[in-house]
Amino acid sequence: MTSTASVLAYLPSPSQGVWYVGPLALRAYALCIIVGIVVAIWWGDRRWVARGGKPGTVLDIAVWAVPFGLIGGRLYHVLTDWQKYFGEGANPADALKIWEGGLGIWGAVALGAVGAWIGCRRRGIPLPAFGDALAPAILLAQAIGRLGNWFNQELYGRETTVAWGLEIYQRSDDAGRVSPALIDGVSTGEVAFVVHPTFLYELLWNVAVVILLVLIDRRFAIGHGRLFALYVAGYCSGRFWIELMRADAATEIAGIRINTFTSGIVFVLAVAYVIFARKGREDPATLGGTPADPQVAPGDKDSAAETAEGESTAPETPRAADDDGTEVAAKLDGSRPGKSKGDNS
């Protein structure tokens, strides 16, 4: 137990993560997820239009991708921490309580990609190009979502004495229970322990990778899903070392957290995709519409052939012009924009 009088420079946790307006519960975790989704759709649409797509396409596809992503993220979390929901003394109904935290990002991206694939097929646009446009925006949404872990006093690491350590407070609820793990509780002001703020490490890492992705995309004509693969590889490389700092209970294989294995395996696969995938960038003419709204004028055989091929004639070389709508990135550059019990998000 650490006394509040003995620490002066540590980072504080919010006093609570849930506020009630009559019977309505306003949960910081859910609000952060929603804000992240809105930002990803807004910025992703700007990037999509800058690459040659039509405005509003991202929102149309998000109608498919977001629900699939939320379901996939929850499924990954429940499956990898099944003991907490289906083990002895557990309540299986808790698996449905997504508002208490618990979204596995790999499940969210995997099943979200399935939803995006459905949306892209309906619009007649290539999924890899769509993924490239959305990659930085998705990672920024993940960074925003991590703030919800801060409010929930979750996703933290081992105890520490570093100056930027995070204070975890005891919280009490209306039933008289006292614990730092109470999502609906209110701080008693007593510090239970001081830990590494791994949620913050991941947030800052994500923002750094966002900026790097934008710079790479501005400098090179990268396409065919390779920027999305760089996003995956960049995220996994950070998540790998952050997982090693975690101290909460988690499913392990040979004494190693399952998320550490996942990070390493997915990183290797993403790097392989970057190396072996098709170079260059898609022709903007292939990004604009559905079969009912052709982008090639009748009789223009040369353009039709180029569209069918789906290839830009420009090689993947450094570009002088910025074509990804990145005044947003300029604002991000230099800025520095959190897991309940059993959360492996």
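With a requirement of 2 or more residues that are closer than 18 Å to Gly36 by Cα, the helices (runs of 4 or more DSSP H) lying completely within region 75-161 that satisfy it span 105-123, 127-151. Among residues of region 1-45 being surrounded by 19 or more Cβ atoms within 10 Å (Cβ to Cβ) and in contact with a Pro (Cβ under 8 Å, 6 or more places away or on another chain), the one that is modelled with the lowest pLDDT is Ala28.
Residues checked against (1) at pLDDT below 95; (2) closer than 16 Å to Leu212 by Cα; (3) of a type in the set (A, V, I, L, M, F, W, C); (4) under 14 Å from the mean Cα position of the chain (by Cα):
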{"position": "Arg121", "(1), (2), (3), (4)": "yes, no, no, no"}
{"position": "Ala135", "(1), (2), (3), (4)": "no, yes, yes, yes"}
{"position": "Gly145", "(1), (2), (3), (4)": "yes, no, no, yes"}
{"position": "Gly148", "(1), (2), (3), (4)": "yes, no, no, yes"}
{"position": "Asn152", "(1), (2), (3), (4)": "yes, no, no, no"}
{"position": "Tyr156", "(1), (2), (3), (4)": "yes, no, no, no"}
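Remark: pairs (first residue in region 262-286, more than 22 Å from Pro126 (Cα to Cα); second residue of a type in the set (Asp, Glu); Cβ separation under 7 Å; 6+ apart in sequence or on different chains) = Ser263/Glu243.
Do we have any residue at all in region 210-218 that's in contact with a strand residue (DSSP E or B) (Cβ under 6 Å, 6 or more places away or on another chain) and either of a type outside the set (Phe, Trp, Tyr) or farther than 30 Å from Cys120 by Cα (or both)? No, every residue in region 210-218 fails to be in contact with a strand residue (DSSP E or B) (Cβ under 6 Å, 6 or more places away or on another chain) and either of a type outside the set (Phe, Trp, Tyr) or farther than 30 Å from Cys120 by Cα (or both).
The values are calculated or read from the model by the stated rules, or taken from the named source; none is laboratory data. The structure displayed is predicted, hence computed values, not measured ones. With ideal geometry, Cβ positions are generated from the backbone for all residues, glycine too; neighbour counts draw on all protein chains shown.
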